Amino acid sequence: ILSISYPTLPEEISLITADGIAGRNELTLLARSMPILAKRRVSYAGEPILLLCGPDERDLLDLAAAIEIRYAEEAPLSFANPTDDQAVLSREVIRGDVERVLSQAFQVIEGDYSTSASEHAPSDAHGAVVHLVDGRYMVDVPTQWPYHVRNTVSAALGVPAERVVVRATAMSAHKDTRIWFPSLVAVHCALLTQASSKTVKLVLQREEAARLTPRRAPSRVHVKSGLDKDGLPTAQDIRIQLDGGAFPLFADELMERTILAAGGIYRGDNVRIRATVLETSVPPMDALLG
């Protein structure tokens with residue numbers, strides 16, 4: 001991001017950039033994190049950079065159209081042709097002597113397999129409503145992790161967690177799409193409430209939600225199996241690459257689930273599984289249902 005320029009704002013309009021966040025500009029999940037608002041660099045198309053709120057949505061759309069953001073383009077991080085420095089997590093599990101048993105196998109079968117990012121279309125909207133009551137921030141948001149919402153909001157606002165009350169609203173069949181992403185929507189809404197001292201509602205349009213909310217991480221898997229004369233596997237050599245997106249918050253969970261499942265239902269006396277989670281230039285991916 002080279003520069004951000006915007007017109008003179010009416011008094012009733014609030015605008016927030018990363019520099020305007022009183023607390024931490026960070027959403028944390030276990031040991032990994034991502035920015036709440038991009039400050040110097042945009043890591044995927046659609047990453048939030050600034051926030052606007054005001055009493056009339058039409059005025060906000062006009063103001064948003066008048067904002068100019070200048071960028072210096074960089075080469076995107078690709079899942080199709082990754083480089084070594086894109087790996088954020090790698091792990092190898094070895095049992096037995098895979099190379100020796102493969103070399104002695106009656107038959108060796110190899111295959112390449114891939115899965116794409118899962119599509120999901122929840123019937124209800126991704127959004128939040130935040131209002132102030134006696135100095136406390138009341139957050140209404142459809143979330144599976146209300147305490148994660150509370151901790152994220154309090155850290156960003158720079159207020160004690162006791163001043164943030166989260167009420168998890170009803171959800172449709174979420175399929176684990178409401179884990180951490182509602183915290184991002186809620187903290188954006190709460191920052192605007194803090195800036196304006198007004199009740200704020202923030203709701204993503206359906207096409208925004210489809211494009212930006214986490215999906216199940218794409219994968220590429222190469223399997224090399226040695227078989228005996230009866231067709232039973234004697235050795236397996238498996239390589240896995242997972243697309244974690246721009247901020248692989250669930251890299252550890254993705255890694256654990258995939259390695260556990262990679263060997264299939266067979267007893268494996270000679271197994272080698274090498275797995276890597278990659279950082280790419282798409283919205284963060286997740287370990288969703290399935």
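The values are calculated or read from the model by the stated rules, or taken from the named source; none is laboratory data. Bear in mind the structure is a predicted one, so any value in this text is a computation, not a measurement. Cβ sites come from the backbone with ideal geometry, for glycine too, and all protein chains shown count toward neighbours. Surface accessibility is based on the protein's heavy atoms, side chains included, excluding ligands, DNA and RNA. Shrake-Rupley method; radii C 1.70, N 1.55, O 1.52, S 1.80 Å.
Restricting to the range 158-186, name every residue that is assigned to a helix (DSSP H, G or I) and out of contact with any strand residue (DSSP E or B) (no Cβ under 7 Å at 6 or more places or on another chain).
161, 162, 181
Would you say residue 24 is over 23 Å from residue 282 (Cβ atoms) and under 25 Å from the mean Cα position of the chain (by Cα)?
In short, yes.
Please verify whether residue 18 is of a type outside the set (S, T, N, Q) and within 16 Å of the chain's Cα centre (by Cα), treating the condition exactly as stated.
no
Scan the range 19-33 residue by residue and report those that are surrounded by fewer than 16 Cβ atoms within 10 Å (Cβ to Cβ) and in contact (Cβ under 8 Å) with a residue 40 or more places away in the chain.
Once the filter is applied, which keeps residues that are surrounded by fewer than 16 Cβ atoms within 10 Å (Cβ to Cβ) and in contact (Cβ under 8 Å) with a residue 40 or more places away in the chain, the range 19-33 yields 20, 22, 26, 30, 31, 33.
For a quick check of your reading of the model, give me the residue pairs whose first member lies in the range 261-274 and is open to solvent by less than 80 Å² (accessible area, probe 1.4 Å), whose second is part of a loop (DSSP other than H, G, I, E, B) and at pLDDT below 95, with beta-carbon atoms closer than 8 Å and at least 6 apart or on different chains.
Filtered contacts from the range 261-274: 271/263; 273/263.
Would you point out the residue of the range 198-218, among those that are over 22 Å from the mean Cα position of the chain (by Cα) and among the β-branched types (Val, Ile, Thr), that is most open to solvent (accessible area, probe 1.4 Å)?
Among those residues, the one meeting the criterion is 199.
From the list 277, 221, pick out the single residue that is within 19 Å of residue 114 (Cβ to Cβ), touching a helix residue (DSSP H, G or I) at 6+ places or on another chain (Cβ under 8 Å) and surrounded by fewer than 20 Cβ atoms within 10 Å (Cβ to Cβ).
Every option except 221 fails the conditions.
Just to be sure I understand, how many residues within the range 240-281 are of a type in the set (Lys, Arg) and either in a helix (DSSP H, G or I) or closer than 16 Å to residue 83 by Cα (or both)?
Looking only at that region, the number is 1.
What are the pairs with Cβ atoms under 6 angstrom where one residue, in the range 41-60, is touching a residue at least 12 places away in the same chain (Cβ under 8 Å) and more than 17 Å from residue 3 (Cα to Cα) and the other, located anywhere, is among the β-branched types (Val, Ile, Thr) and open to solvent by 30 Å² or more (accessible area, probe 1.4 Å)? Sequence gap at least six, or different chains.
Cβ pairs passing all conditions: 44/282.
Residue by residue through the range 208-237, note down the ones that are out of contact with any Gly (no Cβ under 7 Å at 6 or more places or on another chain), aliphatic (A, V, I, L, M) and either within 18 Å of residue 179 (Cα to Cα) or assigned to a strand (DSSP E or B) (or both).
Matches in the range 208-237: 209, 210, 221, 227.
If residue 288 satisfies every condition in (1) under 30 Å from residue 34 (Cβ atoms); (2) touching an Asp or Glu at 6+ places or on another chain (Cβ under 8 Å); (3) outside any loop (DSSP other than H, G, I, E, B); (4) among the hydrophobic types (A, V, I, L, M, F, W, C) but one, which is the exception?
Among (1) under 30 Å from residue 34 (Cβ atoms); (2) touching an Asp or Glu at 6+ places or on another chain (Cβ under 8 Å); (3) outside any loop (DSSP other than H, G, I, E, B); (4) among the hydrophobic types (A, V, I, L, M, F, W, C), the lone unmet condition for residue 288 is (3).
Do any strands (runs of 3 or more DSSP E) lying entirely in the range 34-143 carry at least 1 residues that are out of contact with any Gly (no Cβ under 7 Å at 6 or more places or on another chain) and open to solvent by less than 40 Å² (accessible area, probe 1.4 Å), and which ones are they?
Where strands (runs of 3 or more DSSP E) fall fully within the range 34-143 and carry at least 1 residues being out of contact with any Gly (no Cβ under 7 Å at 6 or more places or on another chain) and open to solvent by less than 40 Å² (accessible area, probe 1.4 Å), they are 51-53, 87-95, 107-115, 127-133, 136-141.
Would you tally the residues in the range 1-18 being open to solvent by less than 40 Å² (accessible area, probe 1.4 Å) and assigned to a loop (DSSP other than H, G, I, E, B)?
Counting residues in the range 1-18 that are open to solvent by less than 40 Å² (accessible area, probe 1.4 Å) and assigned to a loop (DSSP other than H, G, I, E, B) gives 2.
Is it true that some residue in the range 238-250 is touching a residue at least 60 places away in the same chain (Cβ under 8 Å), in contact with a strand residue (DSSP E or B) (Cβ under 7 Å, 6 or more places away or on another chain) and of a type in the set (Val, Ile, Thr)?
no
Quick check on residue 149: is it assigned to a helix (DSSP H, G or I), of a type in the set (Val, Ile, Thr) and over 30 Å from residue 230 (Cβ atoms)?
Criteria met by residue 149.
Any chance you could count how many residues in the range 165-197 are farther than 15 Å from residue 126 by Cα and open to solvent by 10 Å² or more (accessible area, probe 1.4 Å)?
Qualifying residue count for the region: 6.
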